[in-house]
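Chemist: After the structure tokens below, expect a handful of questions from me.
The values are calculated or read from the model by the stated rules, or taken from the named source; none is laboratory data. Quick caveat: nothing in here was measured; it's all calculated off a predicted structure. Here the Cβ is made from the backbone with ideal geometry for all residues, glycine too, and neighbour counts use every protein chain on show. For accessibility, only protein heavy atoms count, side chains too; no ligands or nucleic acids. Shrake-Rupley method; radii C 1.70, N 1.55, O 1.52, S 1.80 Å.
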Amino acid sequence: MAVSSACNPQLLLSHKFPETTYTYTERDVAVYALGVGACGRDAVDTDELKYVHHENGQQFIKVLPTFSALFSLESLPDGLDLPGLTFEPRLLLHGQQYIEVHKPLPSNARIRNKVSLAGLHDKGKAAILEIETKSYEKESGELLSMNRTTVFLRGAGGFSDPSQPFTYSNYPANPAPAMKIPESVPFAIFEDCTQSSQALLYRLSGDYNPLHSDPMFAKVAGFSRPILHGLCTLGFAVRAIIKCICKGDPDMIKNISGRFLLHVYPGETLVTEMWLKGLRVIYQVKAKERNRAVLSGYVHLHRLASSL
């Protein structure tokens, strides 16, 4: 197999990721919740005040399940600076995010992250890299969540024989992310406005990629202005599902899958359409001003709300 300078699969597959630790507090949880729009339209929203305030005397604030996506970011302090991998950072696209929530997240914790290469695929013009992060509560050793992050590295493909392109995966294939959006009327629709400063607020949770804050960097990358983080859009979508389907209970979320389709500009209105299929919620998010789908996926629930 011919290996280009862009990607050496043998080196990547043999790389051992170091374990990392990540400590967060209630302040981090609250800043994240505000970053994904909690209480953005109503500062005393009865479904969402619990994410930022000790409502009704509760001892701890509640944690949105998508907060666990931050663990995958913190588990790679050097980003994707990996042996055997060379790529242009401006050509990186966050393709998908899959999250398993094994237990409700505590409002403050010290996390131990174990990272591994979950997949590597040669798509000719691009390489697809899948990074898996398992996050454990350091004191108890309990598994809290698992993230699988999929990135497209444009220009890093073509490192194998085109007649037998290299592909590696260490988890069972799951056809669910490729599911089609139903043609029927959605079970629920939720509309939410992002703020023009949304990306600046969300970046305080740790993703300081200048694509989301620096106008010149965004223009070089091909955008008219800085764009919203994909994981911020995912946070908006899951928050809509919790509000409309879970009736405000975040602990009903079992796992989450999101496929990023198109960028979002801060200030745009996000319309989340939801279809309920048993314990699975299929969803699609559109940028209302452009009428373009920007995110799609599904959420599995532990149970249905009694009112449903």
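Chemist: Please list 183, 273 in order of solvent-accessible area, largest first, computed with a 1.4 Å probe with all protein chains present.
Modeler: Putting 183, 273 in descending order of accessible area: 183, 273.
Chemist: Just to be sure I understand, if you calculate mean projected area of the Cα convex hull in nm² for this structure, which of (1) 17.8; (2) 19.4; (3) 16.5 do you get?
Modeler: Among (1) 17.8; (2) 19.4; (3) 16.5, the one calculated here is (3).
Chemist: How would the stretch 151-308 be classified by its alpha-carbon gyration tensor: rounded, prolate or oblate, with rounded meaning a/c under 1.5 and the a/b versus b/c comparison settling the rest?
Modeler: Because a/c hits 1.5 or more and a/b fails to exceed b/c, the stretch 151-308 counts as oblate.
Chemist: Expected output is a single nm value to one decimal: the length gained when fully extending between residue 223 and residue 56, i.e. 0.36 nm times separation in residues minus the C-alpha distance. What is it? List each step's numbers first, then the result.
Modeler: Working: separation 167, 0.36 × 167 = 60.12 nm, distance 4.43 nm.
Stretched fully, the residue 223-residue 56 segment lengthens by 55.7 nm.
Chemist: Please identify every one of the trypsin sites (Lys or Arg not before Pro) in the stretch 1-72 that sits in a loop by DSSP and has no more than 12 other beta carbons within 10 Å of its own beta carbon.
Modeler: In loop regions of the stretch 1-72 (DSSP not H, G, I, E or B), the sparsely surrounded trypsin sites (Lys or Arg not before Pro) are 16, 41.
Chemist: How many Å² of accessible area per residue for the stretch 111-230, probe 1.4 Å? Don't skip to the answer; put the middle values down first.
Modeler: Values: 6140 Å² over 120 residues.
Heavy-atom accessible area per residue stands at 51 Å².
Chemist: May I ask what percent, to the nearest 5, of DSSP beta bridges between residues of the stretch 232-299 are antiparallel?
Modeler: That works out to approximately 100 percent antiparallel.
Chemist: Given a cut-off of under 8 Å on Cα pairs at least six residues apart, what relative contact order in percent is computed for the stretch 65-137?
Modeler: 32
Chemist: Taking only DSSP H segments of four or more residues, each worth -39500 (n - 2.57), what value at 222 nm results for the chain once the sum is divided by all its residues, to the nearest 500 deg cm²/dmol?
Modeler: -4000 deg cm²/dmol
Chemist: Right, next: Whole Å is fine, so just give me how far the alpha carbon centre of the stretch 20-70 lies from that of the stretch 257-308.
Modeler: 20
Chemist: Next question, about the same structure. Between residue 181 and residue 289, take the C-beta separation as r, use R0 = 22 Å, and let me know the FRET efficiency to the nearest 0.05.
Modeler: Details: r = 20 Å, r/R0 = 0.91.
With a Förster radius of 22 Å, E is 0.65.
Chemist: The stretch 174-227: which chymotrypsin sites (Phe, Trp or Tyr not before Pro) are DSSP loop and have at most 13 other beta-carbon atoms within 10 angstrom?
Modeler: 208
Chemist: Got a sec to turn the phi values of the stretch 69-84 into Karplus ³J(HN,Hα) couplings, 6.51 cos²θ - 1.76 cosθ + 1.60 with θ = phi - 60°, whole Hz, x for Gly and Pro?
Modeler: Those phi angles translate into 5, 5, 4, 5, 5, 5, 7, 10, x, 9, x, 9, 7, 10, x, x Hz.
Chemist: For a Förster distance of 35 Å, can you work out the FRET efficiency between the beta-carbons of residue 123 and residue 42, rounded to the nearest 0.05? Numbers along the way, then the final one.
Modeler: Details: r = 44 Å, r/R0 = 1.26.
So, using R0 = 35 Å, E works out to roughly 0.20.
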